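What follows is a short report on a single structure.
What follows is calculated from the coordinates using simple rules that are stated; it is not laboratory data. None of the values given here were measured: they were computed from a predicted structure. Positions of Cβ are backbone-derived with ideal geometry, glycine not excepted, and every protein chain shown enters the neighbour counts.
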Amino acid sequence: MVAMDLSTWQDRRTRDPRRLVLGSAQWGMPYGIANHAGPPDTRELEAMLVRARAAGVRTIDTARAYGESETRVGEITRSLPSQQGWRIITKLAPDVHAPDLGIAETLERVAASLAQSRVALGQETLPIVLLHRFAHRHACGGKLWRMLLAERDAGRIGALGVSAGSPEEAWAALEDPDIEALQVATSLLDLRLLRQGFFTSARERGRTIYVRSLFLQGVAHLGIEALPSFLSELGDPIRRIRATARALGVSTRSLYLAFARDCLPGTLPVIGCETDAQLEQVLDDWTGAELDVGKLMALVESLPTHADDLVDPARWPARPADLEAPRNQTERASIATIPL
């Protein structure tokens, strides 16, 4: 009886919607390989936030680089009394540093990025600030990072972290004692970090891990015939995943979510939606009927570990001739869109 109670409690904890984070890249700009609709209007955004909050979701992921995302998030969370109190993750502007910039100009850009985020979000204290580029961790001899530490120590930033663009960056960030939170990419189509034992190590060290790109920016939902030529190698694993979903009697989308939910315990998945209907389906899949974890793990074990060029959107051609959808404007893997 005790074992059954503990198992039930653990399952409920794993499926708790409070683990989920709303991704907002596509709220502020055209984003995602499968997103043909563009940013949602204000009414749709309000509906999504109301639904998410009712389900228990309390965190939104945004960035200076996500077009109007910060501004839209700030406006809605301030204008609707029921939407106050969100925990917002934002990222420093990716252009705060470049090799040809001096220290003074870099620090001015950092200050400007933080100030613009505070104004846009309407929050004097930014709950979580991530570096959009891991390379900035040691920029200007570490002075950029020390400026952020000073902001945190002064109470103007709650926690600091990085958005890692590659497994190498993720591991380097995990070894850094100053980094409290990490955002990394993984999915059924990108098993690099899982196979390296990253998530086990991160959990043992007590780090907060946000997981993005669960649908590889929507690639998971493209028709096989619609895959651009440079992603054709993903056709076979996508077919295998869809066949498993059919055999289990669940949606393909629910398998990708179940991977994050059941194979990455303790992580906080970032889910991007353009419509309230998409969010409703995601929440239903996340909290729905139990999936056979053994069969899910068998699927994971059968899938290949792909090369960086295939699963890192930052390495994809900027505007391939056979890809009509807008490219990832942040030049880093981030949240995936979920077409119906």
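What number of residues within the range 261-309 are under 21 Å from residue 199 (Cα atoms) and either in contact (Cβ under 8 Å) with a residue 40 or more places away in the chain or in contact with a Leu (Cβ under 8 Å, 6 or more places away or on another chain) (or both)?
Summing the residues that are under 21 Å from residue 199 (Cα atoms) and either in contact (Cβ under 8 Å) with a residue 40 or more places away in the chain or in contact with a Leu (Cβ under 8 Å, 6 or more places away or on another chain) (or both) in the range 261-309 gives 22.
Going through 111, 185, 135 one at a time, which residue ends up being closer than 30 Å to residue 239 by Cα and of a type outside the set (Lys, Arg)?
The match here is 185.
Do the conditions hold for residue 78, that is, is it assigned to a helix (DSSP H, G or I) and in contact with a Phe, Trp or Tyr (Cβ under 7 Å, 6 or more places away or on another chain)?
The answer is no for residue 78.
Take residue 216 and decide whether it is within 27 Å of residue 317 (Cα to Cα) and in contact (Cβ under 8 Å) with a residue 24 or more places away in the chain.
yes
Considering only the range 241-257, state which residues are within 18 Å of residue 219 (Cβ to Cβ) and either among the small types (Gly, Ala, Ser) or not in a helix (DSSP H, G or I) (or both).
243, 245, 251, 254
If you take the residues of the range 216-232 that are loosely packed, with under 15 Cβ neighbours inside 10 Å and not small (Gly, Ala, Ser), which of them is farthest from residue 187 (Cα to Cα)?
Among those that are loosely packed, with under 15 Cβ neighbours inside 10 Å and not small (Gly, Ala, Ser), it is 225.
I need the full set of residues from the range 150-170 which are surrounded by 18 or more Cβ atoms within 10 Å (Cβ to Cβ), farther than 19 Å from residue 310 by Cα and within 18 Å of the chain's Cα centre (by Cα), in order please.
Across the range 150-170, the qualifying residues are 160, 161, 162, 163.
Between a residue in the range 15-29 that is within 10 Å of residue 61 (Cβ to Cβ) and in contact (Cβ under 8 Å) with a residue 24 or more places away in the chain and any residue that is of a type in the set (Ser, Thr, Tyr) and assigned to a loop (DSSP other than H, G, I, E, B), which pairs come within a Cβ distance under 8 Å, given they are 6 or more apart or on different chains?
Filtered contacts from the range 15-29: 23/334; 24/62; 24/66; 25/31; 25/62; 25/66; 25/330; 25/334.
Any residue that is among the acidic types (Asp, Glu) and either touching a residue at least 60 places away in the same chain (Cβ under 8 Å) or under 14 Å from residue 126 (Cα atoms) (or both) - is there at least one of those in the range 64-72?
Yes, some residue in the range 64-72 is among the acidic types (Asp, Glu) and either touching a residue at least 60 places away in the same chain (Cβ under 8 Å) or under 14 Å from residue 126 (Cα atoms) (or both).
In the range 260-280, how many are outside any strand (DSSP E or B) and in contact with a helix residue (DSSP H, G or I) (Cβ under 7 Å, 6 or more places away or on another chain)?
The total comes to 13.
Looking only at the range 97-121, count every residue that is part of a loop (DSSP other than H, G, I, E, B), more than 24 Å from the chain's Cα centre (by Cα) and not acidic (Asp, Glu) and tell me the total.
Number satisfying all stated conditions: 4.
Looking at 232, 213, which one is among the hydroxyl-bearing types (Ser, Thr, Tyr) and more than 21 Å from the chain's Cα centre (by Cα)?
On inspection, the qualifying residue turns out to be 232.
State all residues of the range 247-281 that are of a type in the set (Gly, Ala, Ser) and surrounded by fewer than 19 Cβ atoms within 10 Å (Cβ to Cβ); if no residue qualifies, say none.
247, 249, 251, 266, 277
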